[in-house]
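The next block holds one structure in the form of structure tokens; read it before the comments.
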Amino acid sequence: MVDLLSGEPLPALPGARFAPLLTLGLLATLLGGFWLPALWLGTGMFALTNSVFHFWQRTRIQRIVRPLMQLGRLHRAGRALHRAALPLRPLQQLEAPLARLRSVLRRVAFFQVEDNMGLLEALKMLLLLDQLVYARCRAAVQQQAPAIRAVFEAVGYADCALAVASFRQRFTTCVPHFGPAAEGIRLHGGYYPLVPGCVPNDLALSEAGVLLTGSNMAGKTTFMRTLGLNVLLAQTIATCSATAYRAPFCRVLTSLTLADSLPTGKSYYLVEAETMRQLLLACDAAPGSYLLLLDELFKGTNTRERIAANKAVLAYLQPRSWVVAATHDGELGALLHSSYVEYHFCETVTADDWYFDYRLKAGPLTTRNAIRLLARLHYPAQVVADAQALSATLAAQKQPEGPQSGTPEEPVPANALTGEDYQLG
């Protein structure tokens, strides 16, 4: 694919320097044959050579020229925007680039002429018109590359401005404010615009990191994505899906959707470990310039080592970056109480209903729903009862729990809950 915006010349055709000589040879022998008919034998030889040369280059020229056909549409769009006189600075400087782009189009137009009679195709074949015109197009594109790029960027700017305006009109948005790093990140009424009816939440992230706990499907990951998305939108299109946003400029690094890799033979835990190593190195190289969004770190290993690794990594990262980490391990709250503030999402369970409010609340999670979910999904009653009994025993012994959202506070019959209100957080 030809890159018309890079300023690099179009590819040169093999043997292109011979095309003018072959064309001149054919014309010279053709005209000279009127005085010396023997020269017409040379005309036939040149015609045969030119035909072979033409078909040898034809497919290559068509492939290279195809992107040039879009320059006409680019020119029309740029001209329409220039005439509209919109109050956008890039559009006010389009007159000169459009004129230079028009000079390129005059050469490109040759390749767009339709030949219904076959006469033009015969002339192209005998006089190598494709090769000669392509050489001029190649020179013109290289010379006018800055003009092509200027028109492209102006049209792209207008397209982006229209998209941003449409986004602002469709959703509740605010203009971000940027402050010093000492003030931290403050998000008010932030929501994820791709989730219909997404519940807005607030968060203030300053010296302490945030340890986020919550039931399954309660909204932890969606909230972290909301925060990351708003940081990116604020720093790119000066628009946030929130009612207020204030933060310093920072880069967003995440560990949200990792997976193992069969082709490379990497387990889930190894992928986690390698990803976190890259994040640690980044924060060491530029401390204070990153927002880290971490979802259930090291869940690919056993409970004891997962908690230990989480504690060590999060404690190491907190002085070097802003950290929001989601976990199901309630023990981390006590282990990191000096450097992290706990927040949680939770559900409301009644005798015949179950729903989430998706509201971020201060403090650790105190309710649990993992085994309740098994009952809600109509697991066999014996499976639910055995799980509840063992969970209660482990809790009484105060042994570390596995990677789960918790156990119910009281037994729940397997058929007590239906799946009608089942929804993702």
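Taking square-rooted eigenvalues a ≥ b ≥ c of the alpha carbon gyration tensor, is the chain rounded, prolate or oblate, where a/c under 1.5 means rounded and, failing that, a/b exceeding b/c means prolate? Write down the numbers at each step before the final one.
On the way: a/c = 3.13, a/b = 2.53, b/c = 1.24.
Prolate shape, in that a/c is at least 1.5 and a/b is the bigger ratio.
So if each residue of separation counts as 0.36 nm, and I subtract the Cα-Cα distance between Glu305 and Glu153, what length gain in nm does that give? Before the final figure, lay out each step's value.
Details: separation 152, 0.36 × 152 = 54.72 nm, distance 5.17 nm.
Additional length available on full extension: 49.5 nm.
Apply the a/c threshold of 1.5 to the C-alpha gyration tensor of the range 301-383 and tell me whether it is rounded, prolate or oblate.
Working: a/c = 3.35, a/b = 1.75, b/c = 1.91.
It is oblate, given that a/c is not under 1.5 and a/b is not larger than b/c.
Would you mind classifying the range 16-170 by shape? Square roots of the alpha carbon gyration tensor eigenvalues, ordered a ≥ b ≥ c; an a/c under 1.5 is rounded, otherwise it is prolate if a/b is larger than b/c and oblate if not. Numbers along the way, then the final one.
Working: a/c = 3.80, a/b = 3.20, b/c = 1.19.
Prolate shape, in that a/c is at least 1.5 and a/b is the bigger ratio.
Please find, in a Gaussian network model of the chain (springs between Cα atoms separated by less than 10 Å), the residue of Leu205, Leu13, Leu373 whose mean-square fluctuation is greatest.
Fluctuation is largest for Leu13.
Report the number of Lys pairs in the chain whose alpha-carbons are under 29 Å apart, with separation of 8 or more residues or on distinct chains.
Close lysine pairs under the 29 Å cut-off: 13.
How many angstrom lie between the Cα centre of the range 58-88 and the Cα centre of the range 109-158?
After rounding, the separation between the Cα centres reads 12 Å.
Add -39500 (n - 2.57) for each DSSP H run of 4 or more in the chain, then divide by its residues: what number comes out at 222 nm, to the nearest 500 deg cm²/dmol? Can you show the working numbers first?
Details: 13 runs with 198 residues, N = 425.
One gets -15500 deg cm²/dmol as the mean residue ellipticity at 222 nm.
Identify the GluC sites (Glu not before Pro) of the range 114-219 meeting these criteria: DSSP loop state and at most 11 other C-beta atoms within 10 Å of the C-beta. Write out the running numbers ahead of the final one.
Values: sites: Glu114, Glu121, Glu153, Glu183, Glu207; in loops: Glu114, Glu207.
Here the GluC sites (Glu not before Pro) that fit, given the DSSP loop and packing criteria, are Glu114, Glu207.
Using the Cα centre of the chain as the reference point, and only Cβ charges (+1 on K/R, -1 on D/E), how large is the resulting charge dipole? Debye, rounded to the nearest 20.
Values: 38 positive and 32 negative charges, 492 e Å.
Once rounded to the nearest 20, the dipole reads 2360 debye.
Bear in mind these aren't lab numbers, they're just calculated from the coordinates by the rules spelled out. The structure displayed is predicted, hence computed values, not measured ones. Here Cβ is always computed from backbone atoms with ideal geometry, including for glycine, and neighbour counts include all displayed protein chains.
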